[in-house]
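Heads up: the structure comes next, in structure tokens.
Nothing in this text is a laboratory measurement; each read-out follows from the coordinates by a stated rule. Not measured: the values here are computed from a predicted model. Every residue, glycine among them, receives a Cβ derived from its backbone with ideal geometry; neighbour counts consider all protein chains shown.
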Amino acid sequence: MTQVLYTKEDLIKKSHEIAHMIANTPEVEFFKKAEAQINENQQVRERIASLKSLQKQAVNFQHLGKEKALKMIEDKIAKIEEEINDIPVVQQFKESQGDVNDLLQLVSNTIANNVTNEIVRSTGGDVLRGETGSQVANSQPGSCS
């Protein structure tokens, strides 16, 4: 049986296919819709504009060393961030963001685990113990050290 060796280019090409598949999942579709709803929401847009303005003021106060004014601005920023986070469409967006991140993590972990298992199998190792063939051979009683 001839072993096929893949190039980095082969892997990159396949990763583009997987990325396309991920980008067309229900999780990503929901994420895109939630993001669009945020961008269309007047309440969110106004709060974000206020937040950006306050953040610029905070940078200026910090640069000028005005600690009391900076603290007041930081408190206002925290209040607006809380208001933004309490808006249902923002909560949906953050939840969908988490779902997409979970999906990416699942794919990443699945690839990593399967690569490890392939290495173990291809060296005649023990998948259940996670040992390659060289570890199995060297751990047998009476083996040379």
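At-a-glance table
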{"read-out": "Dipole magnitude of the chain, debye to nearest 20 (Cβ charges: Lys/Arg +1, Asp/Glu -1, about Cα centre)", "value": "540 debye"}
{"read-out": "Under the Debye formula (equal points on every Cα, no solvent term), log10 I(q)/I(0) of the chain at q = 0.11, 0.14, 0.15, 0.19 Å⁻¹", "value": "-0.72, -0.86, -0.91, -1.12"}
{"read-out": "Cα long-axis angle, helix 26-40 against the chain (0 to 90 degrees, to the nearest 10)", "value": "10 degrees"}
{"read-out": "Under-5 Å amide H pairs with Thr123, H placed in peptide plane, nonlocal only", "value": "Gly133"}
{"read-out": "Residue of Leu51, Leu106, Leu64 that the Gaussian network model of the chain assigns the largest fluctuation, springs spanning Cα pairs under 10 Å", "value": "Leu64"}
{"read-out": "Exposure proxy ranking, count of Cβ atoms within 10 Å, fewest first, for Ile73, Ile22, Ile38", "value": "Ile22, Ile38, Ile73"}
{"read-out": "Nearest 10 degrees, 0 to 90: helix 8-23 Cα axis against the chain principal axis", "value": "50 degrees"}
{"read-out": "Neighbourhood charge, 12 Å Cβ-Cβ cut-off, centred on Lys33 and excluding it, Lys, Arg +1 and Asp, Glu -1", "value": "-3"}
{"read-out": "Calculated diffusion of the range 70-124, Stokes-Einstein form, Kirkwood radius summed over Cα pairs, 20 °C and 1.002 mPa s, µm²/s", "value": "146 µm²/s"}
{"read-out": "Helix 88-122 axis, angle to the chain major axis (alpha carbon atoms, nearest 10°)", "value": "20 degrees"}
{"read-out": "Within a Gaussian network of the chain (alpha carbon springs, distance under 10 Å), most fluctuating of Ser122, Ser96, Ser108", "value": "Ser122"}
{"read-out": "Percentage, to the nearest whole number, of Cα pairs in the range 35-97 over 16 Å apart", "value": "49 percent"}
{"read-out": "Choice from Gln91, Gln57, Gln37 with maximal GNM fluctuation in the chain (Cα, 10 Å cutoff)", "value": "Gln57"}
